[in-house]
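The values are calculated or read from the model by the stated rules, or taken from the named source; none is laboratory data. All figures in this text were calculated on a predicted structure; none of them were measured in a lab. Here Cβ is always computed from backbone atoms with ideal geometry, including for glycine, and neighbour counts include all displayed protein chains.
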Amino acid sequence: MGHSQADKAQSRERILRKAADAVRDTGLESVSVGKLMRSVDLTHGGFYNHFTSRSDLLAQALERALVEGGKLATASMKPGDGARSYEIRVKGYLSRTHRDARTEGCAIAALASDVARADAASRAVMSAHIDELVGQLMQSLTSREEGDAMLAVSAMVGAVVLARVQTDPKKSDVLLKSVRDRLLALNRTEPA
């Protein structure tokens, strides 16, 4: 019996990993249960031994993609960065490297427009991660104002999305630099 449960857990992990990769690479709506199950050498019918619905799978795959993207976003931060963490995050997020790493970077920027059209479960998953990012930035902002942190998150995500759309690399770079410079200046302003 233990072997069967271990096999089931391994199969579930393979499905979830493949689904998270697909979500990050091609979006939520691109995930087909039949194709996904074939890609991990399992039957379509076996899907329901692991997930209650496609929506359940998508919410869990999105959670995985967001966690993985968050790990990459904080990888450059070191203990003791404290006050510099805002600057480090802004510079890292609004970089060419992040812009060019759609499938490895922040899943919020990669998937926000997909999730806005998704069901409540997927929106709740991403909403929690956005709130977490706002909270992290708020802790490192000079003002400690939630509105400033919300502005920063909105500008960062929006700038990356638009920079990825831009076909002229120079304009894309200018967009990132412009938003980066303004967000860094936001933190240099003393609170009122």
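A few comments on the model shown:
- When Arg99 is tested against (1) within 14 Å of Ala65 (Cα to Cα); (2) in a helix (DSSP H, G or I); (3) in contact with a Lys or Arg (Cβ under 7 Å, 6 or more places away or on another chain), just one condition goes unmet, and that condition is (1).
- Residues that are of a type in the set (A, V, I, L, M), over 18 Å from Glu104 (Cβ atoms), touching a helix residue (DSSP H, G or I) at 6+ places or on another chain (Cβ under 9 Å) and part of a helix (DSSP H, G or I) within the stretch 1-46 comprise Ile15, Val33, Leu36, Met37, listed in sequence order.
- So Ser154, is it among the polar types (S, T, N, Q), within 27 Å of Asp25 (Cα to Cα), under 12 Å from the mean Cα position of the chain (by Cα) and surrounded by fewer than 13 Cβ atoms within 10 Å (Cβ to Cβ): no
- Screening Gln60, Gln10, Gln5 for residues that are more than 29 Å from Leu176 (Cα to Cα), surrounded by 12 or more Cβ atoms within 10 Å (Cβ to Cβ) and either at pLDDT below 95 or polar (S, T, N, Q) (or both) leaves exactly one candidate, Gln60.
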